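Here the structure comes first, spelled out in structure tokens, and everything after it is commentary.
Taken together, the values in this text are just the output of simple stated rules run on the coordinates, not laboratory data. Model, not experiment: these values are computed from the prediction. When we count neighbours, we look across all protein chains shown, and the Cβ atoms used for this are built from the backbone with ideal geometry, even at glycine.
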């Protein structure tokens, strides 16, 4: 009994309803399940350590552990006795055991060694550390994932395998390798992403390496592992099974398989055993499926894996003839697929042992009745519930439960090993609490029914008061809104009147502006007429002067003509001395330039009337010749008048007299 009982002193025995045996020892209890499909090779002494792989090689069962490589005779009697022999020279972590062409390969922390014959000493062949996963490429070449990339092995003429080379171009830790063709490999990083490795045509040398991660279609970058199912590349991820779409060169969900695995989650590893049978392994379950060429899955058997006994992320199932093995952290579990598929599990007997309600504010606990036949009414503040339950049917493997609170949850929870469940801040409503054993979906059982009452402020009377209050507030709001609209109307009318008044003022200003513009144009026209009149006067006087000079030249004519000539001279003089034209000219001129005279006199009061009139003539911008004729003075006299005027106006030599006068408004 050294394999499973901690003490050989048996004080009492009991046969339970499932015909399993309970042993009372002087240091505890031992449970002996008499109808289990599992047989344990428990390492109580600590000699083996945690197992990672196992295989049959000749008449021996080899086990790779974190202590090294061990073997024992493969017969049932020998394995049950735990008589394992350590293989000298293999001290340390063993990762992988695989047989190729009757040679046992052992992937080790320090490299890889080969045992050519059962029971013989190993020969080291590869110095590349960490032999994780070995896969054949063809009959002459194999590839292995290691701590530092890919290692290649080649078979010689005698049929013996040897290490060939360590590939350059990929130096990452490679946990799993899948062969797609003789020139294309897929390699999954130990932690992050996968690589597509394209090799040379005639020799396994890396030609190109392509990384695939979240940006290429995966749900995340981490915990992606690559395998093959019926020759097709598949990947296990946290969101299900994915595959490679060669046509579009992208990673896509494998919908055909995922639809069939809808009730299962978290598969981490896929292991092919034989005849297209595959183990799908997660952290808490293992399922064996037969998969046909259309990727239809037929479940052959399944079992819950003891999470406290296996090594997380290193779960492994190996075929050992008619048996199979599951690696554990303290030995090995042997089982038969046939007996596993026909095992008659005991019907779970789930019982509710305690219900505790905790109020939200007072933090008081209430022990409630566990009667599942009636609907329990709970107060609104008793909405934090804690259920404790158990399965009276004991199983050697740890029990995993799934719970569901109907009225709050649609789906069952993930499997859990603890026998209690809490719900906090439940809203008012009717609920039903269900529990089942995860390995037996038909074990579903209604354990508790309850109704959480509404708080007082959500009762019908409270809602009626809310409606009345809402209607009152609505009426007040409508009155206030109406008053606000009236106020807005008055404000708009006032703004409209102000706008009209403003428009009226703008219109009057526009009319005045147009009138001013008209007057200015009229003044400009008058100024032009005055200038024209002044020129005509100047030209007339000049003409008359010329005629007078000509007549005086012919005074020496005969006496008979002197009287007529004298009469003509008197007529010219009368026109030259006539002031009527000048008076009319000056009247219009003074009217046009009255403002000019006013502004100029204000600034220069010492100017005479002749000075003011001369300034006005200068402002007309006439030429010197025209001014001389208009004023009937010589050019020299005109320049002298200019000089005197500049002096009276106190203009500097640089200032222009005409520009100065033009700057003064009329």
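Brief remarks on what is shown
- Highest mean packing first, where packing is the average number of other Cβ atoms within 10 Å per residue, the peptides 186-195, 212-221, 405-414 line up as 186-195, 212-221, 405-414.
- Gain on full extension, evaluated as 0.36 nm per residue between residue 603 and residue 372 minus their Cα-Cα distance, stands at 71.5 nm.
- Here the simple spin-label model places points 7 Å from the Cα toward Cβ, and for residue 464 and residue 264 these points are separated by 5.9 nm.
- Taking all C-alpha pairs of segment 477-523, those more than 17 Å from each other amount to 58 percent.
- If you plug the beta carbon distance of residue 388 and residue 408 into 1/(1 + (r/R0)^6) with R0 = 22 Å, you get a FRET efficiency near 0.75.
- Note on residue 198 and residue 139: the model spin-label points, each 7 Å out from Cα along the C-beta direction, lie 2.9 nm apart.
- Simple spin-label estimate for residue 519 and residue 222 in nanometres, 7 Å along Cα-Cβ: 9.2 nm
- With the highest mean first, a sort of the peptides 21-28, 127-134, 286-293, 595-602 on other beta-carbon atoms found within 10 angstrom per residue produces 127-134, 286-293, 595-602, 21-28.
- Taking 0.36 nm per residue of sequence separation and removing the Cα-Cα distance, the residue 417/residue 210 pair yields an extension gain of 70.4 nm.
- Remark: the residue 650-residue 11 segment gains 215.8 nm on full extension, using 0.36 nm per residue and subtracting the alpha carbon distance.
- Cα coordinate range in segment 41-118, projected on the principal axes (Å, largest first): 29, 24, 18
- Highest average packing first - 330-338, 459-467, Cβ atoms within 10 Å: 330-338, 459-467
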